[in-house]
Amino acid sequence: MAVRNAISRFTCASLLAFCASAASAQALDYDNTRPVSIIDTAGQPSLQSIVDGEFGSGWGDVSTAQSTKGVFRTATTSGVGFETVLAQYGAVGASNYRFGIWFGSDSSNLLHRDLFLGGAETGYSLPIKISAGKLQVFADDIANCGTVIQCGTLNNALVDPKHFGFYFEKNGERRYTLDQLNAGQASVLSFQMPSTSNWVLAYEDGVSTESADFNDYVVSVTSVVAVPEPSEWLMMVAGLAMMTGIAKRRRNPRV
């Protein structure tokens with residue numbers, strides 16, 4: 001009994017210390033302010049129709065179902081994700097477009113890795129594998145490597161399957177799934193298919209009151225789930241510690 005109690009105390013204390021250090025050390029906010037307005041462009045498919053095509057009709061409304069989350073982790077222990085270009089209306093096949101993944105918890109020290117290159121038009125897809133310290137990007141057709149997909153293996157200590165985000169790039173300017181990294185601007189909207197680990201990320205290359213259709217580059221991402229804010233983890237761990245204390249008192253009531 002004493003050993004079990006000691007383990008419980010150690011576990012709760014360790015988790016609290018870890019979460020507290022993570023909350024104080026990292027400078028990123030994990031949540032975005034949503035929803036934002038979507039203004040469709042005449043003559044182009046609406047974002048609603050694009051997401052419906054991926055999730056199926058009736059899944060939700062893109063105007064109200066926008067996720068606040070901007071940081072993700074892999075949904076499976078194998079760390080496999082699968083990305084597919086759903087739409088690209090800003091400049092189809094343009095060499096100045098990129099889609100990639102970023103790692104890190106400090107905005108001044110992020111690791112970027114392109115996934116789709118400028119030649120990736122609608123329909124291209126790729127599997128990736130993320131493990132601690134290693135990112136692997138594959139292609140079904142080796143001919144696509146270097147022109148459509150940035151294939152290969154990246155070894156870096158910042159690669160973490162439990163903490164990453166995505167970005168879109170045009171003319172060398174990156175726009176992230178986390179608004180904080182865009183100087184507060186909502187340039188990427190994320191949508192989760194209910195009760196799944198399937199997501200759609202929609203990019204707007206020039207948000208304005210005249211054009212904010214978010215269909216300039218749309219990508220489907222699977223096998224990822226959102227990461228909660230560090231403060232949410234602290235609340236969960238605090239609740240666990242409280243329940244452990246209550247259970248202990250019930251086992252050892254004082255007379």
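Yes/no per residue for (1) part of a helix (DSSP H, G or I); (2) outside the structural domain of N215 (by TED's automatic domain parsing); (3) modelled with pLDDT of 95 or more:
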position	(1), (2), (3)
A91	no, no, no
S108	no, no, no
L126	no, no, no
A139	no, no, no
A143	yes, no, no
V159	no, no, yes
Of the residues in the range 164-185, those that are at pLDDT below 95 and either hydroxyl-bearing (S, T, Y) or in a loop (DSSP other than H, G, I, E, B) (or both) come to N171, G172, A183, G184, Q185
Taking the range 148-172, which residues are farther than 17 Å from V227 by Cα and either surrounded by 13 or more Cβ atoms within 10 Å (Cβ to Cβ) or in contact (Cβ under 8 Å) with a residue 40 or more places away in the chain (or both)?
V148, I149, Q150, C151, G152, L154, N156, F168, E169, K170, N171, G172
Which residues, counting only those in the range 69-89, are crowded, with 21+ Cβ neighbours inside 10 Å, modelled with pLDDT of 90 or more and assigned to a loop (DSSP other than H, G, I, E, B)?
G70, V71
Which listed residue is within 15 Å of D40 (Cα to Cα) and either at pLDDT 95 or above or part of a strand (DSSP E or B) (or both), from V225, V207, V200, V218:
V218
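The values are calculated or read from the model by the stated rules, or taken from the named source; none is laboratory data. If you're wondering where the values come from, they're calculated on a predicted model, not measured in any experiment. Every residue, glycine among them, receives a Cβ derived from its backbone with ideal geometry; neighbour counts consider all protein chains shown.
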